[in-house]
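Presented below is the structure to which this report refers.
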Amino acid sequence: MPRVSDMKERLTDAALDLMWENSYGTTSVDSICERAGSKKGSFYYFFKSKSELTVAALEAEWNKNKANMDALFSPTIPPLERFDRYFDYVHDRLAELQEECGSILGCPLLSIGSEVSTQDAGVRATVDRIWDRKIKYFESAIRDAHAQGLIAAPDPEAKARALFACYHGTLAQARIQNDVGLIRDFKEVARDVLGVKQAHATSS
């Protein structure tokens, strides 16, 4: 039997998994409770609604991943290598999930956010807030790469948002086509977006 002490975490984990694997709309409170091994009373003890649970689930997932993001984007790692490590990590993780469930799941923030952004201001704001945190990692690496003369990016925030948008477009395409290769090959696309090849050609 699940412990009462970890039921809130079980509910957030179950909600995110179901919404990521399927969709927000098709994920019911009943299915979340079934996956979590919870009764409905426990659900409503912790959360007023599916929307409130979704916000909590997205924040919980970010909190779990933050230490990993800190490691992947550590200032002790050369700035362009940080991106290589990050894109390799996401590829390997999604390839592993594809083996388990048969599909490329893409980014849960993108999947859930794009589905409900026009319907639920709380979920939209949460996705936006977490994306801003992730973009800061991109921005820091780009700023360092610019300072080292590896790329020309006088506006690192704009460059970070451009790369972030391009990457999430690739994740969406990979999910639609169920093709993990699109993610594996993104490192070269990222270097083009960052202007690495152009910078090297200019300096040579």
Among the residues of the stretch 37-50, what is the count of those that are among the basic types (K, R) and either assigned to a helix (DSSP H, G or I) or surrounded by 15 or more Cβ atoms within 10 Å (Cβ to Cβ) (or both)? 2
List the pairs whose first member sits in the stretch 156-184 and is under 15 Å from C107 (Cβ atoms), whose second member is assigned to a helix (DSSP H, G or I) and of a type in the set (D, E, K, R), and whose Cβ atoms are under 8 Å apart, counting only residues at least 6 apart or on separate chains? F164/K134
Which numbered condition in (1) surrounded by 19 or more Cβ atoms within 10 Å (Cβ to Cβ); (2) over 20 Å from A60 (Cβ atoms); (3) not charged (D, E, K, R) is the only one that G102 fails? (1)
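To keep it simple, each residue is scored yes or no on (1) modelled with pLDDT of 90 or more; (2) closer than 22 Å to L94 by Cβ; (3) polar (S, T, N, Q).
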{"residue": "A152", "(1), (2), (3)": "yes, no, no"}
{"residue": "K159", "(1), (2), (3)": "yes, no, no"}
{"residue": "A165", "(1), (2), (3)": "yes, yes, no"}
{"residue": "L171", "(1), (2), (3)": "yes, yes, no"}
{"residue": "K187", "(1), (2), (3)": "yes, yes, no"}
{"residue": "Q198", "(1), (2), (3)": "no, no, yes"}
{"residue": "S204", "(1), (2), (3)": "no, no, yes"}
Unique match (being buried (at least 20 other Cβ atoms within 10 Å of the Cβ), over 26 Å from E139 (Cα atoms) and not aromatic (F, W, Y)) among L58, L53, L72: L53
Looking at the stretch 106-150, which of its residues are in a loop (DSSP other than H, G, I, E, B), touching a residue at least 60 places away in the same chain (Cβ under 8 Å) and surrounded by 14 or more Cβ atoms within 10 Å (Cβ to Cβ)? G106, C107, D120, L150
May I ask you to verify whether A95 is surrounded by 18 or more Cβ atoms within 10 Å (Cβ to Cβ) and touching a residue at least 40 places away in the same chain (Cβ under 8 Å)? no
Going residue by residue through the stretch 192-202, is there one that turns out to be outside any helix (DSSP H, G or I), over 25 Å from T26 (Cβ atoms) and not polar (S, T, N, Q)? yes
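The values are calculated or read from the model by the stated rules, or taken from the named source; none is laboratory data. Source: prediction; values computed, not measured. Cβ atoms come from the backbone with ideal geometry, glycine included; neighbour counts cover every protein chain shown.
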